[in-house]
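K.L.:
Let me begin by handing over the structure; questions about it come next.
The values are calculated or read from the model by the stated rules, or taken from the named source; none is laboratory data. Because the structure is a prediction, the values reported are computed rather than measured. Neighbour counts run over all protein chains shown; Cβ positions are idealised from the backbone, glycine included.
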Amino acid sequence: MNTVFGINGPVVKVRDTKAFSMMEMVYVGKKRLIGEIIGINSEETTIQVYESTTGLMPGEPVVGSGMPMSATLGPGILANIFDGIERPLKALEEVTGAFIAEGASVTTLDEVKKWDVTLTVKVGDTLEAGQIFATCPETPVIMHKCLVPPDISGEVTFIAPDGQYNILEKIAVIKSSDGTLHELHLAQKWPIKIPRPMKKRLAVSRPLITGQRIIDTIIPISKGGTAAIPGGFGTGKTMTQHQLAKWCDADIIVYIGCGERGNEMTQVLEEFTGLVDPKTGNALTDRTVLIANTSNMPVAAREASIYTGITLAEYYRDMGYHIAIMADSTSRWAEALREISGRLEEMPAEEGFPAYLPSRLSEFYERAGYVEALSDNEGSITIIGAVSPQGADFSEPVTQNTKRFVRCFWALDKNLAYARHYPAINWNDSYSEYVDELSEYYHDNVDINFMSYRQQIANILHEESKLMEIVKLIGSDVLPEDQKLVIEVAAVVRIGFLQQNAYHKDDTYVPLDKQFKMMNSILNLYDKCKQAVANGIPVTELTKSGVFDKVTKMKYDIPNDKPQLFNVLDTEVEEAIKSIKKE
Amino acid sequence: MANSYVAYVGLKEINGPLVVLDNVSNAFYDEMVEIKLENGSSRMGRIVEIQGRRVVLQVFEGTKGLSLENTRTRFLGKPMEMPLSEDLLGRVFSGAGKPIDGLGDIFAESSADVNGKPLNPVSREYPRNYIRTGISAIDALMTLIRGQKLPIFSGSGLSHNKLAVQIVRQAQIADESGEDFAIVFAAMGVKNDVAEYFKKSFEETGVLSRVVMFLNLSNDPIIERILTPRCALAVAEYLAFEKNMHILVILTDMTSYAEAVREFSSSKGEIPGRKGFPGYLYSDLASIYERAGIINTAKGSVTQIPILTMPNDDITHPVPDLTGYITEGQIVLDRTLDQTGVYPSISVLPSLSRLMKDGIGEGFTRDDHADVSNQLFAAYAKVQDARALAQVIGEDELSDTDKSYMKFGALFEKHFVAQRPDENRTIEETLDLGWALLSTMPKTLLDRVSSDVLDKHYDPEKAALLK
């Protein structure tokens, strides 16, 4: 029997054994703590343990499971909340109470609950790996499609009748070409660190619509894309992720709370349970999975939580769903890598982070994408990762390396947050590489002018940031009238358009066509004011007439379901400007 | 445990606060040990690493006076535990949880591992009840919520202690009965005067009998400092979750704590991260701060106010930085304000309470709370721009708008931020004062509030009274 030799925090060593393989899941000690083999040499085998090792003694047994750290995939994942190694927290609460104790053994998915299964194949059919063979309604909004495991294919030799089954019951048998029989169940396992296979990657062409104006209009992300939200503390990373999780048009949300606050996870739980999904009319939780590894839970499980989350996402992607993953925060994950690397006494690279940090980050972000799954369905995974740079300094290794592997960068700005301008995404520092790929969608589905309006709005902001350099030195009074106007209109763009109130019933989610109409009204205002200024009317007169305030407040004054009021607004603005002329 | 009767004579190695023993059997990770010196004194320690029969111990009181031969080490068969009982109230302990007030040992009702266990997120209750502190800047702009962890970021010489005492004195922590609250005070590496100041203030307020104090002063052993907040929080959790009390925990100074962690880490030969702090400082701090909250099986709550001094007033220093990422907001003190005589010198813009949004408004404070606080923040941010510009072009050259911001800024600091250390303002007073200050500006500058709210509260007559 193999036994514990050395213990140093979450790192446990076993001597003189050849029994284990890399990445194998093992049970450590009498309490059967869950661990993973992360290093093997001729003398020592190194295990990282996903639970607290307090009380562990040398000489306690270490037992291999014979398989890599895997996620259990099957119905019952949705509307659930798991820890970093996919243990359901509600079940853990029943076993160990309000505080999580070590070695608690709970099953990932409910093994008793019967699902209403419809079999979609018959005996004699040939099934390829990853094809759908049965369905069952998992929640009122998501139909669970049971997939043949990606490493199995063959002829169906047994199929159960439609009916009620739990995740352990045999519902089909497949005979593969070499004659082996494989039993199929509602649930299957997949190693979390290996991407699930797919047929091919497809080009991204559809935006992930979030209802947040600065994102949808100015810095859009595509379905299957990757984005990073870096920001110092208090800049609203978590708030932005909550907004996206609530409103984005993905079918399923995987929310990974990685090394963050416990109260935040409770908030997500409470809020999502109470919130009605605008698309389906059901509770938002019905299409959400939460993975909570709060900052005081064991650090090794924090490292695993990211992989667990993406594996769950890939499983649903393979059914043909569009998934959005919120990872809050990838910096905590990187720090978990650093902590374990330090315990292994590996040679550090930048700021103590291990040299493999960039490759781990890229492996993670590459698991996003818009794909054709083995089941022939199209599905996608969009990854939105929060980054918490140390000292809000974007030059630190995690931010810099993340920047290389994502195509959308929403930089949060401390000064905007201080001024309570939310979302505090800085329009000058942020970018999206998806604009070109998505322009066709906006062109076809919203308005022909969408992209050109977007550019004009961006130009106003750009112009303002140049002018502000001057204003900072000599004040705004000395600027010529047309430049003063730019500053006024840019303020309308910033406050009336980019700033969005998550607590306002209409403003929290704004459909694309309203976003377009808002841009239209701002540009109309700019246009009419420009004419007025050209005719010799000073900007102060325009300000006095209240037109800027009027357009700024349109986000509150015009409800989402009354777009016709924009015409009224535009006319009012024109009238107001005209009436100045007459004086 | 068999081990508790076996004493190992001598040590193999001594390195800073760490000692190494060889040929140890049946020791477990995190186990407590007692080391007896030849002169009869004893020290406590903890196992921090095991390699087969070689064991590394951390000695809390330091290794001064230890030699390789003059010791007997006994393994106690349990992790570091804190004895618990309601009789802890009113007592004073050392940083490692030993009574130092001369009133004898604690008759423990139970005991708990000082490291605690992670709270299951599904067992948490989301904090919603606000605690009125009577301090305008806090109540209106960074509201403290029961079950929150809200640190004070300060600098040496600033009035953080005075502010903490005022919060303790005025905060309505208890329910109406007034009996179910207690304060747990942990001093880590603070000067004796500071500890005395707190003690005296508790006495004057008449709460001393409801305070549990843990004192690790600046000349006490550094390893003990690592245990101090953990002992304090074990007590806080016990009183809150088993005795259903509302607990306010004050931890000061977290920077000294983090420096103790750094010293310990470097003596273990660990790879340093930023500014020499170990890579796990975030997890380590989180294991302290995350022990605030409310659970669904008990009526009590743990609210934390950690105090930390920012070295060189640098908010990007690893300690304030990592703290800010874990805690639910921060109250930042500002030296310039302090120098101009403003008490409390709260720097409004970088201060924040993350839990505020769900604990204010109708049913909690007042329906217009969110509006007034947003508008105050936005307007005060503009004040900073105007001031920066005034420094370049002079105040006379400013536009009318900027001039009105300048005026608002001065009044805001004088009337809203500043208040007497014994001044206890109601939430109505605070919010009305906010509107009066906003009303000093033209209506068009108040762009964060909807027109009807503005019509209801905009009142230039009141504003004219502010001088």
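K.L.:
Give the residues of segment A:219-259 that are touching a Gly at 6+ places or on another chain (Cβ under 8 Å), small (Gly, Ala, Ser) and within 13 Å of another protein chain (Cβ to nearest Cβ), sorted by residue number.
P.N.:
Those that are touching a Gly at 6+ places or on another chain (Cβ under 8 Å), small (Gly, Ala, Ser) and within 13 Å of another protein chain (Cβ to nearest Cβ): A:232, A:234.
Conditions tested, residue by residue: (1) more than 14 Å from chain A (Cβ to nearest Cβ); (2) crowded, with 21+ Cβ neighbours inside 10 Å; (3) closer than 30 Å to residue A:263 by Cα.
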position: B:367; (1), (2), (3): no, no, yes
position: B:388; (1), (2), (3): no, no, no
position: B:407; (1), (2), (3): yes, no, no
position: B:410; (1), (2), (3): yes, no, no
position: B:449; (1), (2), (3): no, yes, yes
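K.L.:
Identify the residue in segment A:391-412 that is within 30 Å of residue B:376 (Cα to Cα) and more than 20 Å from the chain's Cα centre (by Cα) and, among all such residues, is nearest to the other protein chains (Cβ to nearest Cβ). Walk me through it before giving the result.
P.N.:
Going through segment A:391-412, the residues within 30 Å of residue B:376 (Cα to Cα) turn out to be A:391-394, A:410-412.
With more than 20 Å from the chain's Cα centre (by Cα) added as a condition, the list becomes A:391-394.
Details: A:391: 3, A:392: 7, A:393: 7, A:394: 12 Å.
Top of the filtered list is A:391.
K.L.:
With the checklist (1) touching a Phe, Trp or Tyr at 6+ places or on another chain (Cβ under 9 Å); (2) within 11 Å of chain B (Cβ to nearest Cβ); (3) of a type in the set (Lys, Arg) in hand, flag the one item residue A:454 doesn't pass.
P.N.:
(2)
K.L.:
Please determine, by comparing only the residues of segment A:411-468 that are among the aromatic types (Phe, Trp, Tyr) and assigned to a loop (DSSP other than H, G, I, E, B), which one is modelled with the lowest pLDDT.
P.N.:
Residues of segment A:411-468 that are among the aromatic types (Phe, Trp, Tyr), as a first pass: A:418, A:422, A:427, A:431, A:434, A:441-442, A:450, A:453.
Those still in the list that are assigned to a loop (DSSP other than H, G, I, E, B) too: A:422, A:427, A:434.
Details: A:422: 91, A:427: 94, A:434: 96.
Residue satisfying both the conditions and the ranking: A:422.
K.L.:
Please verify whether residue A:388 is more than 14 Å from every other protein chain (Cβ to nearest Cβ) and of a type outside the set (Asp, Glu), treating the condition exactly as stated. Even if it seems obvious, please write down each step before you answer.
P.N.:
On the way: more than 14 Å from every other protein chain (Cβ to nearest Cβ): no; of a type outside the set (Asp, Glu): yes.
Spelling it out, it is not the case that residue A:388 is more than 14 Å from every other protein chain (Cβ to nearest Cβ) and of a type outside the set (Asp, Glu).
K.L.:
Scan segment A:477-486 for residues that are within 11 Å of another protein chain (Cβ to nearest Cβ) and closer than 15 Å to residue A:548 by Cα and jot them down.
P.N.:
A:484
K.L.:
Still on this model: Just to be sure, is residue A:95 assigned to a strand (DSSP E or B) and either out of contact with any Ser or Thr (no Cβ under 7 Å at 6 or more places or on another chain) or within 14 Å of another protein chain (Cβ to nearest Cβ) (or both)? Working first, answer last.
P.N.:
Numbers: assigned to a strand (DSSP E or B): no; either out of contact with any Ser or Thr (no Cβ under 7 Å at 6 or more places or on another chain) or within 14 Å of another protein chain (Cβ to nearest Cβ) (or both): yes.
In short, no.
K.L.:
Okay, next question. So, restricting to strands (runs of 3 or more DSSP E) that lie completely within segment B:62-115, which ones have at least 1 residues that are among the aromatic types (Phe, Trp, Tyr) and surrounded by fewer than 15 Cβ atoms within 10 Å (Cβ to Cβ)?
P.N.:
Numbers: elements: B:71-79, B:81-84, B:92-94, B:110-113.
In segment B:62-115, there are no strands (runs of 3 or more DSSP E) which contain 1 or more residues that are among the aromatic types (Phe, Trp, Tyr) and surrounded by fewer than 15 Cβ atoms within 10 Å (Cβ to Cβ).
K.L.:
Just give me the residues in segment B:269-324 being closer than 28 Å to residue B:18 by Cβ, facing chain A (nearest Cβ under 7 Å) and β-branched (Val, Ile, Thr), in sequence order.
P.N.:
B:271
K.L.:
Being more than 30 Å from residue A:13 (Cα to Cα) and within 14 Å of chain A (Cβ to nearest Cβ) is true for just one of B:125, B:86, B:109, B:49. Which residue is that? Steps first, answer last, please.
P.N.:
Values: B:86 fails: within 14 Å of chain A (Cβ to nearest Cβ); B:109 fails: within 14 Å of chain A (Cβ to nearest Cβ); B:49 fails: more than 30 Å from residue A:13 (Cα to Cα).
Selected residue: B:125, the only one of B:125, B:86, B:109, B:49 that is more than 30 Å from residue A:13 (Cα to Cα) and within 14 Å of chain A (Cβ to nearest Cβ).
K.L.:
Please go through segment A:108-118 and give me each residue that is at pLDDT below 95 and surrounded by 15 or more Cβ atoms within 10 Å (Cβ to Cβ), ordered by number.
P.N.:
Residues satisfying the conditions are A:108, A:109, A:110.
Yes/no per residue for (1) of a type outside the set (Gly, Ala, Ser); (2) in the same structural domain as residue B:266 (by TED's automatic domain parsing):
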{"site": "B:58", "(1), (2)": "yes, no"}
{"site": "B:62", "(1), (2)": "no, no"}
{"site": "B:66", "(1), (2)": "yes, no"}
{"site": "B:101", "(1), (2)": "yes, yes"}
{"site": "B:112", "(1), (2)": "no, yes"}
{"site": "B:124", "(1), (2)": "yes, yes"}
{"site": "B:127", "(1), (2)": "yes, yes"}
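K.L.:
Then there is this: Considering only segment A:129-160, state which residues are surrounded by fewer than 17 Cβ atoms within 10 Å (Cβ to Cβ) and part of a strand (DSSP E or B).
P.N.:
A:137, A:143, A:155, A:157, A:158
K.L.:
Got a number for residues in segment B:255-270 being modelled with pLDDT of 90 or more and in contact with a Phe, Trp or Tyr (Cβ under 9 Å, 6 or more places away or on another chain)?
P.N.:
The number of residues fulfilling the criteria is 4.
One line per residue, one yes/no per condition, for (1) under 30 Å from residue B:122 (Cβ atoms); (2) touching a Phe, Trp or Tyr at 6+ places or on another chain (Cβ under 7 Å):
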{"site": "A:32", "(1), (2)": "yes, no"}
{"site": "A:37", "(1), (2)": "no, yes"}
{"site": "A:40", "(1), (2)": "no, yes"}
{"site": "A:51", "(1), (2)": "yes, no"}
{"site": "A:63", "(1), (2)": "yes, yes"}
{"site": "A:80", "(1), (2)": "yes, no"}
{"site": "A:83", "(1), (2)": "yes, no"}
{"site": "A:88", "(1), (2)": "yes, yes"}
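K.L.:
Now, a different point. Looking only at strands (runs of 3 or more DSSP E) that fall completely inside segment A:197-289, which ones have 2 or more residues that are touching a helix residue (DSSP H, G or I) at 6+ places or on another chain (Cβ under 6 Å), in contact (Cβ under 8 Å) with a residue 60 or more places away in the chain and not aliphatic (A, V, I, L, M)? Reasoning before the result, please.
P.N.:
Values: elements: A:200-202, A:226-230, A:252-258.
Ranges flagged: A:226-230, A:252-258.
K.L.:
Now for a separate question. When the residues of segment B:20-44 are narrowed to those that are within 15 Å of residue B:71 (Cα to Cα), modelled with pLDDT of 90 or more and within 32 Å of the chain's Cα centre (by Cα), which ends up farthest from the other protein chains (Cβ to nearest Cβ)?
P.N.:
Per the stated criteria, the residue is B:34.
K.L.:
Now for a separate question. Residues to consider are A:537, A:558; find the one that is more than 20 Å from residue A:499 (Cα to Cα), in contact (Cβ under 8 Å) with a residue 12 or more places away in the chain and surrounded by fewer than 21 Cβ atoms within 10 Å (Cβ to Cβ). Working first, answer last.
P.N.:
Working: A:558 fails: more than 20 Å from residue A:499 (Cα to Cα).
That would be A:537, the only listed residue that is more than 20 Å from residue A:499 (Cα to Cα), in contact (Cβ under 8 Å) with a residue 12 or more places away in the chain and surrounded by fewer than 21 Cβ atoms within 10 Å (Cβ to Cβ).
K.L.:
Let me ask you something else. Condition first: surrounded by 15 or more Cβ atoms within 10 Å (Cβ to Cβ) and over 16 Å from residue B:462 (Cβ atoms). Now tell me which residues in segment B:426-437 satisfy that.
P.N.:
Correct list: B:427 only.
K.L.:
Look at residue B:8 and say whether it is among the aromatic types (Phe, Trp, Tyr) and touching a residue at least 24 places away in the same chain (Cβ under 8 Å). Write out each step before concluding.
P.N.:
On the way: among the aromatic types (Phe, Trp, Tyr): yes; touching a residue at least 24 places away in the same chain (Cβ under 8 Å): yes.
Yes; evaluated as a whole, the condition is true for this residue.
K.L.:
Further, regarding this structure: Please determine, by comparing only the residues of segment A:100-122 that are assigned to a loop (DSSP other than H, G, I, E, B) and among the aliphatic types (A, V, I, L, M), which one is nearest to residue A:165 (Cα to Cα). Show your work before the answer.
P.N.:
Keep residues of segment A:100-122 that are assigned to a loop (DSSP other than H, G, I, E, B), which gives A:100-114, A:120-122.
Right, trim to among the aliphatic types (A, V, I, L, M) and you get A:100-101, A:104, A:106, A:109, A:112, A:121.
Values: A:100: 31, A:101: 32, A:104: 27, A:106: 20, A:109: 14, A:112: 9, A:121: 16 Å.
Going through the qualifying residues, I end up with A:112.
K.L.:
Can you name every residue in segment B:390-400 that is within 9 Å of another protein chain (Cβ to nearest Cβ) and polar (S, T, N, Q)?
P.N.:
Within segment B:390-400, just B:399 meets the criteria.
K.L.:
Tell me, please, whether a residue that is free of Cβ contacts under 8 Å to residues at least 60 places away in the same chain, within 11 Å of another protein chain (Cβ to nearest Cβ), small (Gly, Ala, Ser) and crowded, with 19+ Cβ neighbours inside 10 Å can be found in segment B:348-365.
P.N.:
no
K.L.:
Oh, and also: Would you confirm whether or not segment A:293-306 contains a residue that is in contact with a Gly (Cβ under 8 Å, 6 or more places away or on another chain), within 14 Å of chain B (Cβ to nearest Cβ) and in a strand (DSSP E or B)?
P.N.:
Yes: segment A:293-306 contains one or more residues that are in contact with a Gly (Cβ under 8 Å, 6 or more places away or on another chain), within 14 Å of chain B (Cβ to nearest Cβ) and in a strand (DSSP E or B).
K.L.:
Could you check how many residues of segment A:144-158 are under 11 Å from residue A:118 (Cα atoms) and touching an Asp or Glu at 6+ places or on another chain (Cβ under 9 Å)? It would help to see each step written out before you state the result.
P.N.:
The first filter runs over segment A:144-158 and keeps only residues under 11 Å from residue A:118 (Cα atoms), leaving A:144-146.
Now restrict to residues that are touching an Asp or Glu at 6+ places or on another chain (Cβ under 9 Å): A:144-145.
The total comes to 2.
K.L.:
Inspect segment A:506-519 for any residue being away from chain B (no Cβ under 12 Å), outside any helix (DSSP H, G or I) and among the hydroxyl-bearing types (Ser, Thr, Tyr) and give the result as yes or no.
P.N.:
Taking segment A:506-519 as the starting set, the residues that turn out to be away from chain B (no Cβ under 12 Å) are A:508-519.
From what is left, the residues that are outside any helix (DSSP H, G or I) are A:508-511.
Cutting the leftovers down to among the hydroxyl-bearing types (Ser, Thr, Tyr) gives us A:508-509.
Scanning segment A:506-519, I find at least one residue that is away from chain B (no Cβ under 12 Å), outside any helix (DSSP H, G or I) and among the hydroxyl-bearing types (Ser, Thr, Tyr), so the answer is yes.
K.L.:
Now for a separate question. Evaluate the following for residue B:301: is it in contact (Cβ under 8 Å) with a residue 60 or more places away in the chain, more than 28 Å from residue A:97 (Cα to Cα) and in contact with a strand residue (DSSP E or B) (Cβ under 7 Å, 6 or more places away or on another chain)?
P.N.:
Numbers: in contact (Cβ under 8 Å) with a residue 60 or more places away in the chain: yes; more than 28 Å from residue A:97 (Cα to Cα): no; in contact with a strand residue (DSSP E or B) (Cβ under 7 Å, 6 or more places away or on another chain): yes.
Against the criterion (in contact (Cβ under 8 Å) with a residue 60 or more places away in the chain, more than 28 Å from residue A:97 (Cα to Cα) and in contact with a strand residue (DSSP E or B) (Cβ under 7 Å, 6 or more places away or on another chain)), residue B:301 does not qualify.
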